[in-house]
1. Report yes if residue B:146 is crowded, with 17+ Cβ neighbours inside 10 Å and at negative phi, otherwise no.
2. Are any residues in region B:266-302 away from chain A (no Cβ under 14 Å), buried (at least 16 other Cβ atoms within 10 Å of the Cβ) and either in contact with a strand residue (DSSP E or B) (Cβ under 6 Å, 6 or more places away or on another chain) or closer than 15 Å to residue B:249 by Cα (or both), and if so, which ones?
3. If you go through region B:145-155 one residue at a time, do you hit one that is away from chain A (no Cβ under 14 Å) and either part of a helix (DSSP H, G or I) or under 15 Å from residue A:90 (Cα atoms) (or both)?
4. Do we find that residue B:156 is modelled with pLDDT of 90 or more and under 24 Å from residue B:196 (Cβ atoms) in this structure?
5. With respect to residue B:184, is the statement that it is at pLDDT 95 or above, closer than 24 Å to residue B:285 by Cβ, more than 14 Å from chain A (Cβ to nearest Cβ) and buried (at least 17 other Cβ atoms within 10 Å of the Cβ) true?
6. Give me a count of the residues in region A:32-65 that are more than 14 Å from the chain's Cα centre (by Cα) and away from every other protein chain (no Cβ under 14 Å).
7. Only one of these conditions is not met by residue B:229: (1) closer than 22 Å to residue B:32 by Cα; (2) surrounded by fewer than 19 Cβ atoms within 10 Å (Cβ to Cβ); (3) more than 12 Å from chain A (Cβ to nearest Cβ). Which number is it?
8. Restricting region B:107-127 to residues that are within 19 Å of residue A:39 (Cα to Cα) and more than 10 Å from chain A (Cβ to nearest Cβ), which is surrounded by the fewest Cβ atoms within 10 Å (Cβ to Cβ)?
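The values are calculated or read from the model by the stated rules, or taken from the named source; none is laboratory data. For clarity, every value in this text was computed on a predicted model and none was experimentally measured. Quick reminder, even Gly has a Cβ in these numbers, built from the backbone with ideal geometry, and neighbours come from all protein chains shown.
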């Protein structure tokens, strides 16, 4: 079963990685790289991406003529998706365990961030035979 | 310029030969992980060379030779420790000379290989991947594509599965009679899993994708050939064939689910239904009736009804009652409730579902709500029908089923005029 693990952080929260000391940034990056390596070696990795910051995000809607109308920049306090993983695992429990490993990524001073990771199952189930 | 590709005939031949070649390699070198890699490379070499140079006179011998050479190369390039390990077994001259003999033991070895790939120490996902590669002769890329994961991830899963087999100390030999029955059960479960996975893949563009349901049927035919007297083996093969016979009718052009009641039965594969029914009939009187035979019998009852209204529901109730006695499984009760509702009316079915809900094992399972929605709709309780359809739609993990349930709920609401 596949799960999407979404790392949501408030724009003014602790995940202001740009302001961290160098060694803290490096420790954080090392943690994430190690986590991805573990997932690859376990044969559970499907995809993982980090997203650009919220200052580059745009909300897009179609106008009357169907052309895109963009909206942004957003207030710093708005929660945003920093990145995500898609994993293929044997149980929900394993997906939660991976999310916990992402959650404890070190922040400033090396302390675990304990970020909230939203875990959602990807629609990939088997359709019923007898409808 | 595009490279010449293997014709389907040769592709089938390669895939059929894969487990035989691996069996022959195992007899010489014993090391499952290394032999399996060597055979995979030989298969890939064949798919590149045969279209250019033509099919060799003895395809099997050709594959064994190439695989043996790869094995030797691999060991030579490996560490000295591994070289010592293998040195006794390595003799190219002997390998080449022996390449064209030994076919009598092949058949048994395919079964032994299946027992190995479906070992209980592996997770279902690992057993599935390893079986498709080692016995099915599929490439890692094909398997990865079928499961929509990156090739590197699938390669890692397969290599870890082989590592698990290595550390468990499993030997390449036929299991003893008592263990055999139990291990065969695991093999059947894994093959059924592969078959069901094929259903997920049946929606959407699949031109380049391996058809897992057909692959499961092909492997299952092999098992049936090797164990023709096992009634449950025949039962599962029949179940797969009888279910697959409805494939073309069970989804619309956009991949939407079409329920049994609305399927165009002229699109069911008549030949497949006849084959499945014949397989199942042949098991009668061959010892204990098992769960796969019973499920196949249910599928046969559906397949043999010319119209939905002609379905022999009392027969289906009887079959599920037998199945329920064998298996204390609320999912079986759920299915029996549908059949009971068709015979005695929705109230009787709903009453059974109350008991299923109270049992608690299906808590959170969307199928319970989906069936309740259906029976409430039959009973004319539209409010309850909508409520349960929507609850099921929220919980299913299949997109096509969610779309179906949402549409059902909307239809009932419209009939209500709200």
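1. Working: crowded, with 17+ Cβ neighbours inside 10 Å: yes; at negative phi: yes.
The answer is yes for residue B:146.
2. Hits for region B:266-302 are B:269, B:272, B:273.
3. No; the residues of region B:145-155 include none that is away from chain A (no Cβ under 14 Å) and either part of a helix (DSSP H, G or I) or under 15 Å from residue A:90 (Cα atoms) (or both).
4. Here the answer is yes, as residue B:156 does meet what is asked.
5. Values: at pLDDT 95 or above: no; closer than 24 Å to residue B:285 by Cβ: yes; more than 14 Å from chain A (Cβ to nearest Cβ): yes; buried (at least 17 other Cβ atoms within 10 Å of the Cβ): yes.
Judged against the criteria, residue B:184 is not a match.
6. 12
7. All conditions are met except number (1).
8. B:122
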